[in-house]
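Working notes, beginning with the structure itself.
Coordinate-derived values only; no laboratory data. Here the structure is a predicted model, which is why all the values come from computation and not from measurement. Cβ coordinates were reconstructed from backbone atoms using ideal geometry, including for glycine residues, and neighbour counts include every protein chain displayed.
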Amino acid sequence: MDCQLDIFFLEAVLNGILLAGLLALLALGLNLVFGVIDVVWICYAELVMVGMYGIHYSHKAGAPFLLAAFIGILLIAAAGALLHYLVIRPVLDSAPINQLLVTGGVLFFLQAAATMAFGVEFRNIGIRLGSANVLDMSFAWSRILTFAVALAGMLALWLFLTRTYMGTAIRAISQDRQIMPLMGVDQRKVYLVTSAIGGGLAGLAAALMVLQYDIYPQIGLQFGPLIFMICVLGGLGNMIGGFVAAFVISQFIAIGGSCFATEWGYAIAFLFFMVMIFVRPQGLFAAKS
Amino acid sequence: MLQLTNIDAGYGGFQALFDVSMKVDAGEAVAVLGANGAGKTTLLRVISGLLPASGGAMTMDGVSLRAIAPHRIVEAGIAHVPESRRLFPRLSVESNLKMGAFIPEARKRFGERLDYVYGLFPSLKERRRQLAGTMSGGEQQMCAIARALMSGPKLVLLDEPSMGLAPVVVAQVFELVRRIRAEGYTVLIVEQNVAQVLKIADRAYLLEVGRIKASGSAAELLASDEVRKAYMGI
């Protein structure tokens with residue numbers, strides 16, 4: 001394997017961009033929840049995993065893919081709200097380490113529960129979209145579709161956050177929590193809505209990922225650390241920072257994978273992350289002072 | 001309109017208000033005077049629900065404020081302009097105003113209310129896309145008052161609107177307060193700037209270490225030795 005600036009290099013770069021769309025969507029949900037509630041959902045990728053199973057089995061039970069995807073999004077939105085209500089709300093005023101530990105507990109609980117319920121086999125939804133061939137390059141339609149839908153989802157969230165009252169409250173709450181009641185805003189409701197949206201984004205990501213990846217109980221471990229790294233790199237809670245960081249990290253993975261091996265791509269990406277923690281611990285883009 | 005009867009309140013084990021009784025009638029401007037730490041800010045925080053009272057009764061137009069959730073007090077017609085303005089610094093002026101109109105009643109009339117406050121404060125309209133945190137102190141105070149008016153309140157609580165502003169801006173802020181009075185809003189204002197605030201208030205209460213020490217018309221308090229000695233350095 002060698003590294004040349006040829007058409008395969010370009011293919012890797014473009015595939016990296018397609019991957020970035022998915023990673024940016026995944027990071028967005030985690031960032032949104034952290035930015036508003038100030039709690040990191042370490043179990044975020046496991047919500048995605050549950051969503052993938054939900055979509056897989058809905059499809060298997062006879063639902064057309066779009067309906068199954070819709071069911072998955074609703075399911076994980078409800079799971080997000082439930083996670084907030086049952087697990088996060090009781091520890092809202094606890095030390096951050098306790099909040100991490102409790103969502104970490106949810107991570108392993110969901111993994112274990114999924115293993116018991118669905119087994120350790122790799123499952124595939126069995127939808128093949130084929131690929132687009134341009135010059136000597138090949139791009140899976142599932143990746144292109146993922147990229148387009150992820151961008152559309154992010155645009156929809158942006159419109160919601162800027163155009164609606166609830167969205168404006170979601171942006172406002174992290175800037176001044178204490179005075180929200182003076183605006184007539186029920187903080188608990190904003191947290192619940194934010195958690196449902198964060199879950200819904202995980203559900204959307206799950207719907208896109210079943211088209212590309214096999215489903216197994218530990219798939220969260222493949223994506224969880226990556227998502228978390230992207231969020232930290234962009235500045236936790238900084239949604240635009242997370243978006244840019246997703247593109248940076250996926251290029252490391254794509255180019256590293258193309259020149260050496262996929263594992264090397266991940267290794268280089270995490271090495272870059274560690275160096276950045278030394279030189280810019282506040283993230284690539286300092287969000288809050 | 002607003003009636004407080006024997007209100008007690010505090011933070012944890014520390015009691016900040018003792019047996020406070022006061023009232024504000026429709027159309028009045030009432031000032032609360034007192035030194036730092038007298039409990040003035042606490043009093044406004046209790047009225048708007050940010051801090052629960054520990055004893056006593058509090059009603060707005062006959063409705064008990066202690067019985068409703070803090071975020072519902074705006075719906076009772078009370079808007080609070082908090083100490084040091086507390087705008088959302090990274091939201092635009094217009095988004096800040098939108099937050100002021102969050103309650104369902106105000107949402108329905110958002111366009112109308114927005115035209116109204118822009119008519120009242122034209123310079124806010126020019127800056128409507130600017131981030132609120134990048135404006136000067138005086139403009140921010142204007143925006144904070146406008147945000148409070150967006151909810152369509154009957155009673156406006158103003159907490160130290162002149163604090164931290166340059167003297168020339170202080171005069172402008174008192175002019176703003178005079179203007180919203182002229183618009184027919186009932187005003188309850190907390191100020192350390194006693195000489196200025198007594199010029200725009202009808203009545204005043206003097207708060208000392210959490211208790212009402214004196215009350216009367218603005219003219220009476222202005223003439224009292226107690227106020228002159230303690231707060232005006234005469």
Over what distance in Å are the Cα centres of the range A:57-106 and the range A:241-277 separated? 28
Can you tell me the mean projection area, over all orientations, of the convex hull of the range A:198-278's alpha carbons? Units nm², please. 5.9
Across the residues of A:182-193, average count of Cβ atoms on other protein chains within 10 Å? 6
Towards the positive end of the charge dipole of the range A:149-276, with charges on Cβ (+1 Lys, Arg; -1 Asp, Glu), say which of A:236, A:223, A:162 has the farthest Cα. A:162
Looking at chain A, which Cys residues are left with no other cysteine's beta carbon under 4.7 Å from theirs? A:43, A:231
Restricting to chain B, compute how many DSSP beta bridges are antiparallel as a %, nearest 5. 55
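Using DSSP to call loops (not H, G, I, E or B), can you name the trypsin sites (Lys or Arg not before Pro) in the range B:33-91 whose Cβ has at most 16 other Cβ atoms within 10 angstrom?
Those satisfying the criteria are B:90.
DSSP beta bridges in the protein assembly as shown, what fraction antiparallel, as a percent rounded to 5?
Working: 26 of 43 bridges.
Taking every DSSP beta bridge within the protein assembly as shown, about 60 percent pair in antiparallel fashion.
Can you tally the net charge around residue B:160? Count Lys and Arg as +1, Asp and Glu as -1, for every other residue whose Cβ sits under 15 Å from the Cβ of residue B:160. Provide the component values of the computation, followed by the final result.
Values: positive: B:40, B:45, B:85, B:86; negative: B:83, B:159, B:191.
Surrounding charge for residue B:160 is +1.
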Return the average number of partner chain Cβ atoms within 10 angstrom of each residue Cβ along peptide B:60-71. 2
Cα axis of helix A:239-259 to longest principal axis of chain A: angle in degrees, 0 to 90, nearest 10? 20
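For chain B, what does the equivalent ellipsoid look like in terms of its semi-axes, each the square root of 5 times an eigenvalue of the Cα gyration tensor, given largest first in whole Å?
Details: eigenvalues 154, 92, 49 Å².
Working from the Cα gyration tensor, I get semi-axes of 28, 21, 16 Å.
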